[in-house]
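None of the figures in this text is laboratory data; all of them are computed from the coordinates on show. Keep in mind it's a predicted model, so treat the numbers as computed, not measured. Cβ coordinates were reconstructed from backbone atoms using ideal geometry, including for glycine residues, and neighbour counts include every protein chain displayed.
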Amino acid sequence: MSRERQIVAGVGGLVVVVVAAWALSRGADTPQVTVEAASVMAVAEQTERPNVLIIVWDTVRADHLSVYGYERPTTPHLQDFAKEARVYENAWSPGIWTLAAHASLFTGLPVESTGADERWLWLDSQHITIAEQFGDHGYDTFAFSANALLTKDTNLVQGFRVVLNTWKGKVAGMAKAATDAKLLPEDISNELTPGWKPPDHGATNAEWARADFKEAAPLIGRGFLKWVDQRPTKDQPFLAYLNMMEAHTPRIPSMEGRKAVMTDPEQIDLGLKTDQGHINLHFYNFGKYEYSTDELAAINGVYDAALWDLDQATHALMQALDKRGILDNTIVVITSDHGENLGDHHLFNHRLAMYESLLHVPLIVRYPKGLEPGRESAPVSTVDLFATLADLADVPTPPGVISQSLLREEFAPPVAFMSLPLEREIQTVSNIYPDVKAEPWLRTGHAVRSSDHKLVHWENTGATEVFDLAEDPGEGQNLSEKTVPGLSDLEGRLATYREAAPLYDPSKRKDKDNPANVRASQKDLLNQLEALGYTSGD
C-alpha cells in the first residue's frame, strides 16, 4: 500500500466532486513539477468508506471565478468554501468540449484513447467507468444531468444505477418551470428568450429543445438530496454525479445575478438587448458577425451572472449536506468539463482552438479529514480525478488506466487533445458566405504546459504555437520562432505522452457499440446537438 493510501485508508465521509476540469495522464519518465507542500494530513482510522459526489459546472472557465482572483463577485460562497479546500490554480481539462472531457474524466484515459469524439458520439462499453469501478466495490451510483450529452444515448453514464435527466420523466415539468421562471419579457438575447428573432442572413440553429430544461441547478441539488434521504441502504457508500448547465448557451441568468455582477444598469440592459443567439456567435468566429466593445462586455456580464447563479445553487446544496451532518465527512471537488470563449481571440463557444479560455478550468477539493487546505500552483489535469478518488476511497483503479492520484508529491505537465472538427459545422457559414473556407480550421492537435509556458502542436499541419503564460496570459504573442526556456522539456513531455497514451481501437467494440445501434439510439440527440451547433446534417 502506498504512503498516501496508508494515510487515507478507511477514511469515512462524503465525497462531493464538482467537475469543470479534467486532470491528465502522466508518463513515468516525464519531466516533473514539484508541488508546493504536502497536501495530505494523517487522519484517524474509521470504519466507513467515503461517498463520492461529482458535480460539474458545465462550460465554466476558471479565470471568471472570483475564487480565482476575478474582479467580479461571481463566486462569493465558493470563496468561503475554498478556505477549507485545496484550490488547484492551474488545472486543465484534457478536452475542449463535453463528450471528450467527460469520457476522460469517467475512464481515467486520455481523450484520444476513448474514441468518443465528434464522429463517434458514444463511449464504448469496453471502457471501465468510475461508476462501474466504484459500483463493483460496493458503491451505490447516481447521476443527474441537464446536459444533453450526459445520457444513455452516448453511454457516458455507463455504470450509474440511477440516471436522471432534466428533460425526462417526472422532473421535466419542474425543470421547464424553473427555466420559464427566469425568462424576462424584455430579454431578446437568445433562442430561449421571449423577444429573440432569427438573423437576417437566413442561417439559423433551431432552438435547442433541451435548453428549455437546463436552468435546473437548484432542482438537481434537491433531487440528489431526495435520493440521499430515501435510499433504503443508507450505510452503503455512494458515488453520484451532478451536471449543472447554467453557464452554457443559451444563457438566461437571474436578474439578481445580473445585478450582483454588473453594477452599471446600462450594461445590464445591453446584456438583455444584445443578440447572443448561437448562430450569431458561430458567425462571429469566422468574421461574419461583429459585436462592439460594449456588447462584448455585456455578453461577458451575462456569463458572469450565470456563474453567480451556479454559486448560489451549490451553496444551498452544501448547506443542506452540512445540515444532514455529512459535509465534513465529504471530499468536495469543484471543477468543469471545459471553459468558454467569450470573444477571446475573436471566438465564442468551445470549438476550434486550444486557448486557456477553454482548457483552464476550476478544480477545488475539500476534504477536512484527509486533505490540507491551501493553494496549489503546479499545473495539473482533471483526468487524474479518477485515480485521486479511488485513492481516497481505497478502491483500486482498473488495468490500463493512466490517471494518477493528485495525492502524489509531483505532477507531470498536463496535456490536452483536440480532435478534428466537423467540416459540416463550417459549411453552415460557407453556405451564406462562400469566401469562408473550411481547410484552415480543420486541424487536430495537442497542448502541453508547464508553470510558465505552453506548447501547442497542430498534428495535421505541423504548425506550433508557444506562449509565455506568465508574461502573456491572454496568449497574444506566439513565441514559436524564438528561444523559449524549457521548451525542449515540453516537447519531451509531449513525445512521452504520445508513446504512453494507448490509441483508440475500434475493433474492441462490443455488440451494443455497433454503428447501427448507436445511431438509432442517438437520433433525437443528434437533432439537439445540431441545434447547439455541435453537428449538422446526417
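Projected onto planes of every orientation and averaged, the convex hull of the alpha-carbon atoms in the stretch 318-383 covers 6.2 nm². Count Lys and Arg as plus one, Asp and Glu as minus one, and take only other residues whose Cβ is under 14 Å from that of Glu481; the net charge is then -1. In the structure shown, the pairs Lys259/Lys323; Lys83/Lys259; Lys83/Lys176 are assessed against 31 Å; a Cα-Cα span above that value is assigned to Lys83/Lys176.
Modelled this way, with points 7 Å down the Cα-to-C-beta line, the labels at Glu499 and Glu410 are 1.6 nm from one another. Within the chain, DSSP assigns beta bridges of which about 45% are antiparallel (rounded to the nearest 5). Legend: Rg and Dmax of the chain, from Cα coordinates, 21.8, 67 Å. On full extension, the segment bounded by Glu372 and Asp235 gains 46.7 nm, given 0.36 nm per residue less the C-alpha separation. Between His201 and Asp435, full extension at 0.36 nm per residue minus the direct alpha carbon distance yields a gain of 82.7 nm. Put the Cα centre of the stretch 122-201 next to the Cα centre of the stretch 206-273 and the gap is 11 Å.
The aspartates and glutamates within cross-link reach of Lys482, meaning a Cα-to-Cα straight distance under 13 Å and a gap of 8 or more places when in the same chain, are Glu465, Asp468.
Between the beta carbons of Glu186 and Ser488, assuming R0 = 41 Å, the FRET efficiency works out to 0.15 to the nearest 0.05. Computed over the chain, the per-residue total of -39500 (n - 2.57) for DSSP H runs of n ≥ 4 gives a 222 nm mean residue ellipticity of -9000 deg cm²/dmol, rounded to 500.
What are the membrane-span-like helices in the chain by this rule: whole DSSP H runs, Cα extent along the axis at least 18 Å, mean Kyte-Doolittle hydropathy at least -1.0? What comes out of the filter, once short or polar helices are dropped, is 217-230, 293-323, 487-500. If the segment from Ser292 to Asp511 were pulled out straight at 0.36 nm per residue, it would be longer than the present Cα-Cα gap by 73.6 nm.
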